Each structure stands twice: as C-alpha cells, then as structure tokens.
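Before any comments, here is the structure.
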Amino acid sequence: MQTIGLVGGMSWHSTATYYRLVNEEVAARLGGHASARISLQSLDFAEVRACQERGDWAASGDLLADAARRCEAGGADLVGLCTNLMHKNFAALADAVTVPAVHIADAVAAVAARQGWTTLGLLGTRWVMEETFYADRLATHGIEVVVPEETDRAMVDRVVFDELTRGVVRAESRSAYAAVMDDLRRRGAGAVVLACTEIGLLVGPDDAPLPVIDSTVAHASLLVDLALGHHPAPA
C-alpha cells in the first residue's frame with residue numbers, strides 16, 4: 001500500500017470527510033483491520049481565505065506548495081489537494097513535489113466517463129464557476145460544463161463561505177441548491193458536479209433532481225485506486 005498525501009484544512013470539515021472516505025474505501029477493499037497510510041497537512045483556512053479575498057494567489061500557492069512538500073517528507077507516494085477552488089494553484093503544488101499530484105477534476109471526469117456523461121452542471125465557489133481553470137481541465141477529457149446564472153452563482157458561493165465551511169448546514173440552503181440544480185438539468189446537464197468539497201455535506205443524491213458527482217467522493221476513490229494499484233474489493 002502506498003501512502004496518500006492529503007493537503008487539507010480548506011475547510012477542515014471536508015478534510016475530515018476525505019480521511020473517513022479514504023479509510024472506509026481501503027477497509028472495504030482489503031478487509032480485516034486494514035486502514036490507509038496517510039500523510040496529512042491541514043492548513044489554517046483563515047490564512048488561505050485571506051489570500052483568496054485579497055486575490056493573492058501567489059501567496060496561497062506558496063502555502064500549498066509548502067504543505068505538499070511536507071506531505072512528501074512525511075512519506076507520501078502521491079498527493080491530493082482536498083479542495084476544488086485551490087486547484088487554481090494546482091501547478092504550484094504539483095511542481096513542489098517529486099511524487100504524482102492527483103487533480104480532483106480528473107477524478108470527476110473518470111466518473112463521468114464511466115457513466116457516459118459529457119455535459120456536467122458545475123456547482124462550486126464563484127472562482128470555480130466563473131473562471132476557466134476547472135472547466136478547462138474537464139474539457140481535456142471531452143466534458144463541457146453548464147454553470148448557474150449570475151444570481152444563483154452568488155447564492156451558491158455565499159452558502160459555501162458563510163455556512164458550509166463553518167460547519168453550518170441549513171435546510172433552506174439545501175432547497176435553494178436543488179432549485180439551481182434543476183435549472184442546470186433543464187439547460188442540458190446530464191449530471192451535476194459538487195465542485196466544492198463541502199457541498200456534499202449539504203446535498204446528496206436523494207436531494208438532487210439529476211445525477212450527482214460528489215467531487216470529494218470521486219477524488220478519495222481515485223486516490224485509493226492509485227495507492228492500492230486498483231486493488232479490487234474482496235469477494
């Protein structure tokens with residue numbers, strides 16, 4: 001079993017989900033008392049959020065690069081960044097280590113390919129929805145994206161930062177997200193990507209009017225695939 005490096009803390013709520021999912025997946029595949037080998041660096045989200053708010057992506061890239069190096073120093077054989085938005089700095093992280101860095105959008109694309117989905121709705125922070133770094137990565141896999149309308153993007157982003165990254169989950173926000181997803185369905189999305197690692201804390205497949213790809217689940221699963229060499233689950 002290889003050691004999985006996790007660069008987390010953005011926010012810690014979804015990083016805890018990563019830790020649980022990776023260990024559950026390893027246990028399911030290997031059985032017995034098996035659990036994952038993990039090298040974890042959890043950043044102070046307040047520092048990262050300050051970089052986001054002032055648009056200092058160079059500084060946030062430095063934070064991620066340093067964390068990735070620490071993961072590798074702790075024995076990581078591959079590294080995953082436990083956030084969608086901060087893949088805006090993916091190159092800085094990947095360049096900082098000698099081991100493979102596993103992009104979250106590649107994990108999403110792998111799920112879409114298995115299901116035959118070529119047009120995906122995209123829910124995330126405003127940078128993920130409005131800039132091209134995430135959609136461009138999906139496009140390399142032949143996937144097009146549909147994003148919410150402007151007012152819906154503002155609402156989705158607000159819920160992420162005012163609620164979910166602070167551990168607040170509200171039923172009214174779940175209903176609002178479902179309405180946005182229904183609009184994405186009407187506009188041609190075959191499935192919707194929960195392209196913020198906290199959104200899965202708010203909505204799940206049963207809350208959505210179309211199929212869902214939870215980026216956190218997809219990424220954790222791909223990391224385990226790589227760490228175990230695609231080791232099959234026990235019969």
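The values are calculated or read from the model by the stated rules, or taken from the named source; none is laboratory data. Please read these numbers as outputs of a predicted model, since none were measured by experiment. Note that we place each Cβ from the backbone using ideal geometry, even for glycine, and neighbour counts take in every protein chain shown. The protein model used for the area step is the full one, side chains on, heavy atoms only, and it has no ligands, DNA or RNA in it. Shrake-Rupley method; radii C 1.70, N 1.55, O 1.52, S 1.80 Å.
Would you check which residues across the stretch 1-24 are open to solvent by less than 60 Å² (accessible area, probe 1.4 Å), in a helix (DSSP H, G or I) and not aliphatic (A, V, I, L, M) and list them?
Filtering the stretch 1-24 down to residues open to solvent by less than 60 Å² (accessible area, probe 1.4 Å) leaves 3-11, 13-18, 21-23.
Those still in the list that are in a helix (DSSP H, G or I) too: 13-18, 21-23.
Of everything in the stretch 1-24, those that are open to solvent by less than 60 Å² (accessible area, probe 1.4 Å), in a helix (DSSP H, G or I) and not aliphatic (A, V, I, L, M) turn out to be His13, Ser14, Thr15, Thr17, Tyr18, Asn23.
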For the stretch 185-192, state whether one or more residues are free of Cβ contacts under 8 Å to residues at least 40 places away in the same chain and over 30 Å from Leu226 (Cα atoms).
yes
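For the stretch 168-227: of the residues being among the basic types (Lys, Arg) and not in a loop (DSSP other than H, G, I, E, B), which is least open to solvent (accessible area, probe 1.4 Å)? Walk me through how you get there before you give the answer.
Within the stretch 168-227, the subset among the basic types (Lys, Arg) is 170, 174, 185-187.
Now drop any that are not not in a loop (DSSP other than H, G, I, E, B), which leaves 174, 185-186.
Details: Arg174: 72, Arg185: 100, Arg186: 148 Å².
The qualifying residue least open to solvent (accessible area, probe 1.4 Å) is Arg174.
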